[in-house]
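First the structure, in the form of structure tokens, and then the observations on it.
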Amino acid sequence: MKTLKGLTGHYNIFPFYHTVSDKDLPHIKHLYPVRSVKQFERDLDFFLKNYEPIEMSVLLDCVRRGETLKKNHFLLSFDDGLAEFYEVIAPILLKKGIPATCFLNSGFIDNKDLFFRYKASVLIEVLRNREINPRLKNSVLEWFRSNGLTASTAYRSLLSVSFANREILDELAGILDYDFQDYLKDKKPYLSSEQVLELMDKGFSFGAHSINHPQYSEIDLKDQIHQTKESMDEVESLFDLGYRVFSFPFTDYNVSKSFFDKVYSPDYGGLDLSFGCSGLKNDPCNRNIQRIPMETGNFSAKSIVTGEYLYYMAKSVFNKNIIKRN
């Protein structure tokens, strides 16, 4: 690791997850692999062996003073504000002495609504496990046809539903007589405001992650700014943060320089920092930090991080290790 850090110049890393659980999570199971507690603890041991953990406040202080972060640190973060951060993750981190930041969708706090991709995963689970009579099956097939989706690959089709047409998932739920509000009430997949405040008392930091998790490359600049500013305003106000940090939902791919110029401006609330998820890459927007996605199959943290270093070196030959912003 020491050699790889020296060759790439990336001495600090920013790994991120969504959740950790040994339980079945229907809203996630069809989207990406969930780290088990044992896998997560092994990941943390790797990070601790090779880097020193830091709090978000340390990074913010460096940015505000115009200084570079000292070498060999890692800042851990979690997206989507899921309940396991309180129930599973925080106790492990407290035991190991590792701080972390959790990014919240303002529209989902207190289980007010469910991310459209999570709805798709839940519906896949319903279709797989419910016995559907012929009449209902015809209605479901007609729904697929009318929405231009392929019923023969139903699960993949559901996962292809975009933010722009997410309402059709509610239509299918209605056909199946399934109520997402019941799921929210029963499973409580998201953190409550009370849990967030308790976690803050224990030293964890929080930021925003958009209102309702759109793909930024699929919405225009005006909506990008609205999603960012409104979610940040609400999260900062609700929890009296005193700082403004934001992580992009999905990815910051194709987000323009104009966006960063505006959201960092005091006229738009002035973000302190933002976070993407492109792994080890150099970003021309120096206050937009690229993180390493850790939910990559069943690979260990060592394999994922080593792969990022090697991939960075391979891309650097062709100048592909630099993000371009128009």
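The table that follows gives values for the structure above.
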| item | result |
| --- | --- |
| Selection count where residues are over 21 Å from the mean Cα position of the chain (by Cα) and either farther than 30 Å from Glu234 by Cα or surrounded by 15 or more Cβ atoms within 10 Å (Cβ to Cβ) (or both), scope the stretch 269-301 | 1 |
| Filter result (touching a Cys at 6+ places or on another chain (Cβ under 9 Å) and at positive phi) within the stretch 56-104 | Asp80, Gly81 |
| Those residues of the stretch 196-223 which are more than 23 Å from Leu93 (Cα to Cα) and either small (Gly, Ala, Ser) or under 16 Å from the mean Cα position of the chain (by Cα) (or both), in sequence order | Ser210, Ile211, Asn212, His213, Pro214, Gln215, Tyr216, Ser217 |
| Those residues of the stretch 222-257 which are in contact with a Leu (Cβ under 8 Å, 6 or more places away or on another chain), of a type in the set (Ser, Thr, Tyr) and free of Cβ contacts under 8 Å to residues at least 60 places away in the same chain, in sequence order | Thr228 |
| Residue in the stretch 17-24 that is at pLDDT below 95 and open to solvent by 30 Å² or more (accessible area, probe 1.4 Å) present | no |
| Criterion violated by Arg325 - all others in (1) assigned to a loop (DSSP other than H, G, I, E, B); (2) out of contact with any Pro (no Cβ under 6 Å at 6 or more places or on another chain) satisfied | (2) |
| Restricting the stretch 125-158 to residues that are under 30 Å from Tyr216 (Cβ atoms) and exposed (fewer than 14 other Cβ atoms within 10 Å of the Cβ), the residue that is modelled with the highest pLDDT | Ser146 |
| Residue list for the stretch 86-117, restricted to those being in contact with a Phe, Trp or Tyr (Cβ under 9 Å, 6 or more places away or on another chain) and among the aromatic types (Phe, Trp, Tyr) | Phe103, Phe108, Phe115, Phe116 |
| Checklist (1) more than 30 Å from Ala83 (Cβ to Cβ); (2) of a type outside the set (S, T, N, Q); (3) in a helix (DSSP H, G or I) applied to Leu149, failing item | (3) |
| Any pair with Cβ under 7 angstrom, 6 or more apart, that starts in the stretch 195-221 at a residue that is of a type in the set (Asp, Glu) and ends at one that is open to solvent by 40 Å² or more (accessible area, probe 1.4 Å) | Glu218/Ala164 |
| Cβ pairs under 6 Å, 6+ apart, first in the stretch 142-168 and over 25 Å from Gln227 (Cβ atoms) and aliphatic (A, V, I, L, M), second open to solvent by less than 60 Å² (accessible area, probe 1.4 Å) and part of a helix (DSSP H, G or I) | Leu149/Ser157; Ala151/Leu141; Ala151/Phe144 |
| Members of the stretch 61-92 that are of a type in the set (A, V, I, L, M, F, W, C) and either open to solvent by 10 Å² or more (accessible area, probe 1.4 Å) or more than 23 Å from the chain's Cα centre (by Cα) (or both) | Cys62, Val63, Leu69, Val88, Ile92 |
| Hits in the stretch 302-326 (condition: surrounded by 14 or more Cβ atoms within 10 Å (Cβ to Cβ), among the charged types (D, E, K, R) and over 22 Å from the mean Cα position of the chain (by Cα)) | Lys315 |
| Output for the stretch 159-171, where each listed residue is open to solvent by less than 30 Å² (accessible area, probe 1.4 Å) and either within 17 Å of Leu31 (Cβ to Cβ) or of a type in the set (D, E, K, R) (or both) | Val161, Phe163, Leu169 |
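Residue-wise test of (1) among the charged types (D, E, K, R); (2) out of contact with any helix residue (DSSP H, G or I) (no Cβ under 8 Å at 6 or more places or on another chain); (3) surrounded by 14 or more Cβ atoms within 10 Å (Cβ to Cβ); (4) modelled with pLDDT of 95 or more.
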| position | (1), (2), (3), (4) |
| --- | --- |
| Ser192 | no, no, yes, yes |
| Tyr216 | no, no, yes, yes |
| Asp220 | yes, yes, no, yes |
| Phe248 | no, no, yes, yes |
| Asp267 | yes, yes, no, no |
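The values are calculated or read from the model by the stated rules, or taken from the named source; none is laboratory data. Keep in mind that what you see is a predicted model, and the values were worked out from it rather than measured. No Cβ is skipped: glycine too gets one built from the backbone with ideal geometry, and neighbour counts run over all protein chains shown. These accessible areas exclude ligands, DNA and RNA; they are computed on the full protein's heavy atoms, side chains included. Shrake-Rupley method; radii C 1.70, N 1.55, O 1.52, S 1.80 Å.
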